[in-house]
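Following: one structure in structure tokens, then a few remarks.
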Amino acid sequence: MAKREKVLRMSVEQPLWRALRGYRILTLLYAIGLFISAYDEFARPWVAIAYFAVLTVWTLATLPKVANAAACTRRFLTADLTLALVGILLTRVADSTAHIESGSPTLPSIWTAGSVLAFAIKGGWRWAAFASTLVAVANLVHRGSPTRDTVHAVILVWVASIAIGYVVEVARASERTLARALEIEAATRERERLARDIHDSVLQVLAMVQRRGAVIGGEAAELGRLAGEQEVALRTLVSGGLTPVSRVSSDAAEGALVSVVDEEPDGDGPLDLRGLLAPYASSRVNLAEPGAPVVLPPAAARELAAAVGAALDNVRKHVGEDACAWILVEDEPDAVIVTVRDDGPGIPEGRLAQAEGEGRLGVALSIRGRLRDIGGSAELISVPGQGTEVELKVPKQMSRGT
């Protein structure tokens with residue numbers, strides 16, 4: 001038995017979380033090393049020692065918090081950034097004024113950038129801008145007056161964090177798109193497999209029943225006719241005539257995922273016209289449609305399908321129950337065109353105008369009226385002895401507002 005395909009978890013941002021964990025540890029060691037090298041210049045080294053003790057415990061204890069987006073909560077981000085800001089402001093308490101004015105780094109030094117990067121990876125460029133702005137304000141308060149080195153450092157953190165946040169947002173959008181494409185491909189492969197299985201079994205049996213019923217005659221002929229209708233309906237189903245389920249992409253801790261959801265029949269989302277026309281297909285009505293969805297607003301799609309149904313009703317009424325009809329769906333760049341054609345004797349010239357004058361408004365209301373209401377048009381072409389053709393056209397621009 002063939003294995004069903006599935007979409008694997010994907011995450012472009014996961015390596016960023018691993019890199020952030022390493023960055024926090026390395027910058028912690030770097031900040032401690034800077035403090036040790038300048039220990040004699042600190043006015044109150046015990047303040048710095050106490051801060052580094054807290055910073056070390058916090059960094060090591062919260063490594064699981066920067067493992068993925070789900071673990072990195074807003075509460076953690078707030079506490080982490082607060083610790084970085086406190087370290088910046090404590091520098092003036094722990095260090096000497098002369099050392100600070102000489103351009104010495106703050107207590108957390110570049111460890112602070114790790115907090116800002118966590119905001120960027122978690123929430124994108126807007127979160128990064130918020131966190132880096134707070135860090136910039138804290139640095140300016142610490143220095144008292146903006147120096148060139150302080151401004152350069154602030155701008156570097158601000159630009160880098162926003163850029164990384166933007167890249168993360170683009171990566172997430174790309175993951176969702178790729179995940180949806182893989183899900184559609186997997187669904188298509190599964191449908192093709194089912195179509196092969198059904199073709200090799202059910203469809204062949206129905207076709208055989210139809211042929212044998214026509215040969216035997218009597219009640220078997222009616223059974224054969226029903227089998228033929230079911231064969232056409234089933235063939236339409238397995239070839240993709242029904243409206244596909246919607247797929248919603250979402251972000252998860254491990255990356256982008258795609259979940260299949262049921263589409264509400266009365267929802268406001270666009271509908272695939274193929275799904276509305278599929279029930280009209282039978283042994284005497286051939287439906288030809290594009291392989292891709294033919295998407296229209298709900299009201300326009302339903303009215304167009306109803307107009308097709310009215311055209312087929314006219315075929316059965318005026319040509320006969322045994323008449324054959326063809327439905328052709330064309331998805332043009334600027335419009336959707338549905339053509340309904342039959343093999344009847346055609347409509348005599350002036351017959352439609354006479355019918356409207358007698359008060360019979362089937363074509364005028366059921367077909368042309370429906371198309372007019374959705375901004376479309378209906379054209380009827382009939383040549384005596386060559387059947388009748390009804391062309392229904394709905395412009396896409398006009399139907400979007402329906």
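Nothing in this text is a laboratory measurement; each read-out follows from the coordinates by a stated rule. Just so it is clear, the model here is predicted, and its values are computed rather than measured. Positions of Cβ are backbone-derived with ideal geometry, glycine not excepted, and every protein chain shown enters the neighbour counts.
Return the sequence-ordered ³J(HN,Hα) values of segment 137-144 in whole Hz as given by the Karplus equation 6.51 cos²θ - 1.76 cosθ + 1.60 applied to θ = phi - 60°, using x for Gly and Pro.
Calculated HN-Hα couplings, in order: 4, 4, 5, 5, 5, 5, 6, x Hz.
Highest mean first, how do 331-340, 32-41 rank when packing is the count of other Cβ atoms within 10 Å averaged over residues?
331-340, 32-41
Computed FRET efficiency, Cβ-Cβ of LEU63 and ILE36, R0 30 Å: what is it to the nearest 0.05?
0.85
Taking the Cβ of ASP95 as the center, what net charge do the other residues with Cβ under 11 Å away carry, scoring Lys and Arg +1 and Asp and Glu -1?
Spelling it out: positives minus negatives among the neighbours equals 0.
Assuming 0.36 nm per residue, please report the length gained on full extension of the stretch VAL141 to ARG212 beyond their Cα-Cα distance.
Here the segment from VAL141 to ARG212 would lengthen by 16.3 nm.
Of the peptides 272-283, 314-325, how do they stack up when ordered by the mean number of other Cβ atoms within 10 Å, highest first?
272-283, 314-325
Could you work out the local net charge near THR62, counting Lys and Arg as +1, Asp and Glu as -1, over the other residues with Cβ closer than 12 Å to its Cβ?
+3
Provide the net charge surrounding LEU77, with neighbours chosen by a C-beta distance below 11 Å and charges set as Lys +1, Arg +1, Asp -1, Glu -1.
Residues close to LEU77 contribute a combined charge of +3.
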